[in-house]
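Read the structure below first, then the notes.
The values are calculated or read from the model by the stated rules, or taken from the named source; none is laboratory data. Please read all numbers here as calculations on a predicted model, not as lab measurements. Ideal geometry is used to build each Cβ from the backbone, glycine not excepted, and the neighbour counts take in all protein chains shown.
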Amino acid sequence: MTETPKTTEITIQKQPDRMLTAEQFHELADVPAVLVWLANIDNPNTRRAYQGDLEAFVAFCGIETPAELRLITRAHVISWRTQLETGELAPATIRRKLSAISSLFDYLCNENAVEHNPVAGVKRPAADNNEGKTPALSDAQAKKLLRAPSGDSLKAKRDRAILAVYLFHALRRTELADLKVGSLQERRGVVHFKVHGKGSKTRFVPAHPAALAAINSYLEAADHGEEKKTPLFRPVRNNRTGTLDNAMTGDGIYKMVKDYSAAAGIEVDGLCLHALRATAATNALDHDSDIAKVQEWLGHANISTTRLYDRRRSKPEDSPTFKVNY
């Protein structure tokens, strides 16, 4: 007598507290892969730029449904690149736009939504040169800017601390604005900034003594030095909401830098917050800091980006012009 094989029955027990309704569950299941790709980009500035690049590509190709992405070929991408070049865009801008579309198709390939990445193999414009276009202040201009906030007011102390953090640590705009009081942490006997950078990467940057002194002076006057989870740099007045507990915005910091630059007589074309990051990086390289260490310090994924700040071979004072002697 043969024994009937036993069958294993798999059951899914109903959970008592389901967070999603059936309607919400199916709505999320139908979210287009493109939106999931965008949502996975952590940096809001990158996400905004990539979304604009994608919208421009979709409009150029006349794509009406996500399924039509499967029909995109290398020829479409090359044609779009040619159209971008006729628009007199900077090579770096065109490379970013192509990178955005390539990133999308890499994601779709991993999801088995498309068979290949049509951007692969498409030649991208070469960089104009090996030097970035972001201006950097001279050492004398940087010293002027650091001294620009005068007096003992809370605002002056805060602004001196902000400028010191920029010019001694080369942080990005969002990295500085996102600093908390608790971002200052001691590691091996040295105070560091815990910095949350691009791609959700965390790095620890040793605090310069001059910046640390300015921060301590500011926190003593601001009286929130024990509130570890609160923003490090906060408004000193707010005419709209009356609250002073939020972090300073990037726009607010930019306006502050512009005002102090004007007051100090610093005239630099294209002066922006990134120029202070470029100033710090350039200064570190000028004073023989190892470029690999500078790459880590800046939070760059690729050393080629760090080289854009290396202006040691283009110092005006080293030009043969000043060697001519009649």
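To keep it simple, each residue is scored yes or no on (1) of a type outside the set (A, V, I, L, M); (2) surrounded by fewer than 15 Cβ atoms within 10 Å (Cβ to Cβ).
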{"site": "Trp37", "(1), (2)": "yes, no"}
{"site": "Thr46", "(1), (2)": "yes, no"}
{"site": "Ala56", "(1), (2)": "no, no"}
{"site": "Ile63", "(1), (2)": "no, no"}
{"site": "Ala75", "(1), (2)": "no, yes"}
{"site": "Arg81", "(1), (2)": "yes, no"}
{"site": "Glu88", "(1), (2)": "yes, yes"}
In the stretch 255-274, residues that are under 23 Å from the mean Cα position of the chain (by Cα), at negative phi and surrounded by fewer than 19 Cβ atoms within 10 Å (Cβ to Cβ) total 6
Which one of these does Leu71 not meet: (1) within 30 Å of Val236 (Cα to Cα); (2) at pLDDT below 90? (1)
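Name every residue in the stretch 260-287 that is in contact with a helix residue (DSSP H, G or I) (Cβ under 9 Å, 6 or more places away or on another chain) and closer than 16 Å to Leu308 by Cα, in order of residue number.
Within the stretch 260-287, His274, Ala275, Leu276, Arg277, Thr279, Ala280, Ala281, Thr282, Asn283, Ala284, Leu285, Asp286 qualify.
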Go through the stretch 146-245 and tell me which strands (runs of 3 or more DSSP E), entirely inside it, have 3 or more residues that are aliphatic (A, V, I, L, M). 190-196
Go through (1) of a type in the set (A, V, I, L, M); (2) in contact with a Pro (Cβ under 9 Å, 6 or more places away or on another chain); (3) under 15 Å from Gly299 (Cβ atoms); (4) surrounded by fewer than 21 Cβ atoms within 10 Å (Cβ to Cβ) one by one and return the number of the condition Leu179 breaks. (4)
Taking the stretch 218-249 only, how many residues are under 15 Å from Thr174 (Cα atoms) and either modelled with pLDDT of 90 or more or surrounded by fewer than 16 Cβ atoms within 10 Å (Cβ to Cβ) (or both)? 6
Go through the residues of the stretch 108-116 one by one and say whether even a single one is polar (S, T, N, Q) and closer than 30 Å to Thr282 by Cα. no
Residue check, Arg81 against (1) among the charged types (D, E, K, R); (2) part of a helix (DSSP H, G or I); (3) free of Cβ contacts under 8 Å to residues at least 12 places away in the same chain; (4) farther than 24 Å from Asn40 by Cα, all met but one. Which one? (3)
For Ala278, which of the numbered conditions (1) part of a helix (DSSP H, G or I); (2) farther than 24 Å from Pro149 by Cα fails to hold? (2)
Whichever residue in the stretch 137-156 is polar (S, T, N, Q) and surrounded by fewer than 13 Cβ atoms within 10 Å (Cβ to Cβ) and, among such residues, is farthest from Phe233 (Cα to Cα): Ser150
Identify, please: which residue in the stretch 300-319 is among the charged types (D, E, K, R) and not in a loop (DSSP other than H, G, I, E, B) and is, among those, modelled with the highest pLDDT? Arg307
Considering only the stretch 90-124, state which residues are crowded, with 16+ Cβ neighbours inside 10 Å, outside the structural domain of Gly52 (by TED's automatic domain parsing) and without any contact (Cβ under 8 Å) to a residue 24 or more places away in the chain. Asn117
Within the stretch 12-20, is there a residue that is among the acidic types (Asp, Glu), assigned to a loop (DSSP other than H, G, I, E, B) and either at pLDDT 85 or above or over 24 Å from the mean Cα position of the chain (by Cα) (or both)? yes
